[in-house]
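Notes to accompany the following structure.
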Amino acid sequence: GSSVGYGTSSVKVETKPAPLPDLAPFAPPGYAYPVVPSSLKETEVDNTLYAGKPTYFDWNFKNIGGGIAHGEFHVDLWIDNTRHIHYPQPNFDPGQPGGFDDWSIEGITPGFHTVKIVVDPGNAVQESNEDNNIWERTFYWEPVIGWWGEYFNNETLSGNAALVRDDAEIDFEWF
(Lines give C-alpha, C1' and ligand atoms only; values in the text may rest on other atoms or scores of the structure.)
Protein backbone atom coordinates (compact mmCIF):
# COMPACT_ATOMS: atom_id res chain seq x y z
CA GLY A 1 0.00 0.00 0.00
CA SER A 2 0.72 3.55 -0.37
CA SER A 3 -0.06 6.38 1.97
CA VAL A 4 -1.04 9.90 1.04
CA GLY A 5 0.04 12.72 3.30
CA TYR A 6 -1.96 15.87 3.74
CA GLY A 7 -0.16 19.03 4.60
CA THR A 8 -1.32 22.48 5.51
CA SER A 9 0.28 25.27 3.64
CA SER A 10 -1.34 28.12 5.60
CA VAL A 11 -3.94 28.74 8.29
CA LYS A 12 -6.08 31.84 8.65
CA VAL A 13 -7.56 32.39 12.09
CA GLU A 14 -10.08 35.17 12.60
CA THR A 15 -11.31 36.27 15.95
CA LYS A 16 -14.99 36.81 16.32
CA PRO A 17 -15.76 40.47 16.94
CA ALA A 18 -17.13 41.30 20.38
CA PRO A 19 -20.91 41.70 20.44
CA LEU A 20 -22.14 45.28 20.42
CA PRO A 21 -24.78 46.88 22.61
CA ASP A 22 -28.02 48.22 21.15
CA LEU A 23 -29.70 50.96 23.18
CA ALA A 24 -33.36 51.46 22.32
CA PRO A 25 -36.60 52.87 23.74
CA PHE A 26 -38.47 50.09 25.50
CA ALA A 27 -41.99 49.56 26.87
CA PRO A 28 -41.77 47.22 29.89
CA PRO A 29 -44.66 44.82 30.53
CA GLY A 30 -47.74 46.80 31.53
CA TYR A 31 -46.54 50.03 29.93
CA ALA A 32 -48.38 51.21 26.82
CA TYR A 33 -45.31 52.89 25.29
CA PRO A 34 -41.63 53.60 26.01
CA VAL A 35 -42.81 57.03 27.26
CA VAL A 36 -46.11 57.19 29.12
CA PRO A 37 -47.41 60.64 30.11
CA SER A 38 -50.05 60.64 32.83
CA SER A 39 -52.00 63.05 35.01
CA LEU A 40 -51.63 60.60 37.90
CA LYS A 41 -48.54 59.37 39.70
CA GLU A 42 -47.82 55.64 39.85
CA THR A 43 -49.64 54.69 36.66
CA GLU A 44 -48.24 52.96 33.59
CA VAL A 45 -51.08 53.73 31.18
CA ASP A 46 -51.88 56.95 29.42
CA ASN A 47 -54.98 58.83 30.54
CA THR A 48 -56.51 62.27 30.07
CA LEU A 49 -53.74 64.85 30.16
CA TYR A 50 -54.49 68.35 31.47
CA ALA A 51 -52.72 71.49 30.29
CA GLY A 52 -51.10 73.64 32.95
CA LYS A 53 -51.13 70.81 35.49
CA PRO A 54 -48.31 68.40 36.35
CA THR A 55 -47.76 65.61 33.83
CA TYR A 56 -45.90 62.57 35.15
CA PHE A 57 -43.71 60.89 32.55
CA ASP A 58 -42.56 57.29 32.79
CA TRP A 59 -39.73 56.77 30.29
CA ASN A 60 -37.86 53.56 29.62
CA PHE A 61 -35.10 52.11 27.47
CA LYS A 62 -33.09 48.91 27.32
CA ASN A 63 -29.81 47.51 26.03
CA ILE A 64 -31.28 44.95 23.63
CA GLY A 65 -27.86 44.13 22.16
CA GLY A 66 -25.36 41.46 23.08
CA GLY A 67 -22.56 43.69 24.38
CA ILE A 68 -21.99 46.06 27.29
CA ALA A 69 -22.67 49.74 26.62
CA HIS A 70 -19.38 51.02 28.06
CA GLY A 71 -19.01 54.57 29.34
CA GLU A 72 -21.61 57.25 29.85
CA PHE A 73 -24.45 58.01 27.47
CA HIS A 74 -27.58 60.15 27.87
CA VAL A 75 -31.30 59.72 27.44
CA ASP A 76 -33.26 62.76 26.25
CA LEU A 77 -36.98 63.46 26.58
CA TRP A 78 -38.43 66.06 24.26
CA ILE A 79 -41.82 67.72 24.10
CA ASP A 80 -42.15 69.28 20.67
CA ASN A 81 -38.88 71.18 20.12
CA THR A 82 -37.89 71.50 23.78
CA ARG A 83 -35.60 69.05 25.52
CA HIS A 84 -36.79 68.57 29.12
CA ILE A 85 -34.49 65.73 30.18
CA HIS A 86 -30.82 65.02 29.37
CA TYR A 87 -30.21 62.22 31.84
CA PRO A 88 -26.79 60.55 32.13
CA GLN A 89 -26.53 56.76 32.25
CA PRO A 90 -23.41 54.69 33.04
CA ASN A 91 -22.37 51.27 31.71
CA PHE A 92 -25.33 49.09 30.71
CA ASP A 93 -25.18 45.31 30.51
CA PRO A 94 -26.91 43.30 27.77
CA GLY A 95 -30.61 43.02 28.55
CA GLN A 96 -30.44 45.73 31.24
CA PRO A 97 -33.48 48.04 31.35
CA GLY A 98 -33.35 51.64 32.54
CA GLY A 99 -35.62 54.59 32.91
CA PHE A 100 -37.54 56.73 35.34
CA ASP A 101 -41.13 56.77 36.62
CA ASP A 102 -43.15 59.88 37.50
CA TRP A 103 -40.76 62.53 36.18
CA SER A 104 -42.90 65.66 36.60
CA ILE A 105 -43.13 68.39 33.97
CA GLU A 106 -45.51 71.33 34.41
CA GLY A 107 -46.85 74.07 32.18
CA ILE A 108 -47.66 72.12 29.03
CA THR A 109 -50.09 74.14 26.93
CA PRO A 110 -53.45 72.88 25.60
CA GLY A 111 -53.41 70.93 22.35
CA PHE A 112 -51.42 68.24 20.59
CA HIS A 113 -47.75 67.79 21.49
CA THR A 114 -45.15 65.34 20.23
CA VAL A 115 -43.31 63.45 22.96
CA LYS A 116 -40.00 61.89 21.97
CA ILE A 117 -37.36 59.81 23.74
CA VAL A 118 -33.85 59.64 22.26
CA VAL A 119 -31.44 57.08 23.68
CA ASP A 120 -27.74 57.96 23.23
CA PRO A 121 -28.41 61.16 21.23
CA GLY A 122 -24.68 61.95 21.07
CA ASN A 123 -23.76 58.48 19.77
CA ALA A 124 -21.33 58.01 22.67
CA VAL A 125 -21.82 54.23 22.44
CA GLN A 126 -21.03 52.21 19.30
CA GLU A 127 -24.13 50.11 18.75
CA SER A 128 -25.13 47.23 16.51
CA ASN A 129 -28.11 49.30 15.31
CA GLU A 130 -28.01 53.10 15.33
CA ASP A 131 -31.43 53.38 13.66
CA ASN A 132 -33.66 52.43 16.62
CA ASN A 133 -32.72 55.05 19.22
CA ILE A 134 -35.81 57.27 18.82
CA TRP A 135 -39.46 56.75 19.70
CA GLU A 136 -42.12 59.45 19.42
CA ARG A 137 -45.87 59.84 19.63
CA THR A 138 -48.37 62.70 19.67
CA PHE A 139 -50.56 63.18 22.75
CA TYR A 140 -53.34 65.68 23.52
CA TRP A 141 -53.51 67.94 26.59
CA GLU A 142 -57.02 69.11 27.49
CA PRO A 143 -57.53 72.70 28.64
CA VAL A 144 -58.94 73.06 32.15
CA ILE A 145 -62.07 75.17 31.75
CA GLY A 146 -63.97 74.36 34.95
CA TRP A 147 -62.92 73.50 38.49
CA TRP A 148 -59.77 71.45 38.99
CA GLY A 149 -60.63 68.37 41.08
CA GLU A 150 -58.17 66.10 42.84
CA TYR A 151 -59.79 63.07 44.45
CA PHE A 152 -58.15 60.82 47.03
CA ASN A 153 -59.14 57.38 48.24
CA ASN A 154 -58.80 58.36 51.90
CA GLU A 155 -60.29 60.94 54.29
CA THR A 156 -56.99 62.65 55.12
CA LEU A 157 -56.18 63.53 51.47
CA SER A 158 -52.80 61.89 51.92
CA GLY A 159 -50.65 60.24 49.29
CA ASN A 160 -51.27 60.60 45.59
CA ALA A 161 -54.60 61.54 44.07
CA ALA A 162 -56.53 58.54 42.76
CA LEU A 163 -58.36 60.70 40.20
CA VAL A 164 -57.93 64.19 38.76
CA ARG A 165 -60.35 65.90 36.44
CA ASP A 166 -61.85 69.10 35.11
CA ASP A 167 -65.24 69.47 36.85
CA ALA A 168 -67.83 71.68 35.14
CA GLU A 169 -69.41 72.57 38.49
CA ILE A 170 -69.14 71.82 42.18
CA ASP A 171 -72.42 70.14 43.07
CA PHE A 172 -71.79 66.83 44.80
CA GLU A 173 -73.83 64.85 47.27
CA TRP A 174 -71.47 62.84 49.44
CA PHE A 175 -73.08 59.94 51.26
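Under the √(5λ) rule applied to the eigenvalues of the Cα gyration tensor, what semi-axes describe the equivalent ellipsoid of the stretch 38-108? Give them in Å, descending. Numbers along the way, then the final one.
Values: eigenvalues 149, 39, 14 Å².
Over the Cα atoms of the stretch 38-108, the ellipsoid semi-axes are 27, 14, 8 Å.
Could the peptides 116-126, 47-57, 15-25 be put in order, highest first, of the mean number of other beta-carbon atoms found within 10 Å of their residues?
Top of the packing list down: 116-126, 47-57, 15-25.
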Query raised in the report: Can you tell me the Rg and Dmax of the stretch 79-136, counting just the alpha carbons, in angstroms?
Result: 13.6, 40
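Quick check for the chain: number of Lys pairs with alpha-carbon distance under 21 Å, counting only pairs 8 or more apart or on different chains? Walk me through the numbers on the way to the answer.
On the way: 41/53; 41/116; 53/116; 62/116.
Counting lysine pairs in the chain gives 4.
Report Rg/Rh for the chain, rounded to two decimals, where Rg is the Cα radius of gyration and Rh the Kirkwood radius.
Radius of gyration over Kirkwood radius for the chain works out to 1.30.
Of all the accessible heavy-atom surface of the chain, with the other protein chains kept in place and a 1.4 Å probe, what percent is carbon and sulfur?
Details: 5470 of 10930 Å².
It is 50 percent, rounded to a whole number.
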Report task. Roll a 1.4 Å probe over the protein chains and send me the accessible area per residue for the chain in Å². Result -> 62 Å²
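The values are calculated or read from the model by the stated rules, or taken from the named source; none is laboratory data. Remember, predicted model here, so these are calculated numbers, not experimental data. Note: ideal-geometry Cβ built from the backbone for every residue, glycine included; neighbour counts use all protein chains shown. Note: accessible area is taken over every heavy atom of the protein model, side chains too, but ligands, DNA and RNA are not part of it. Shrake-Rupley method; radii C 1.70, N 1.55, O 1.52, S 1.80 Å.
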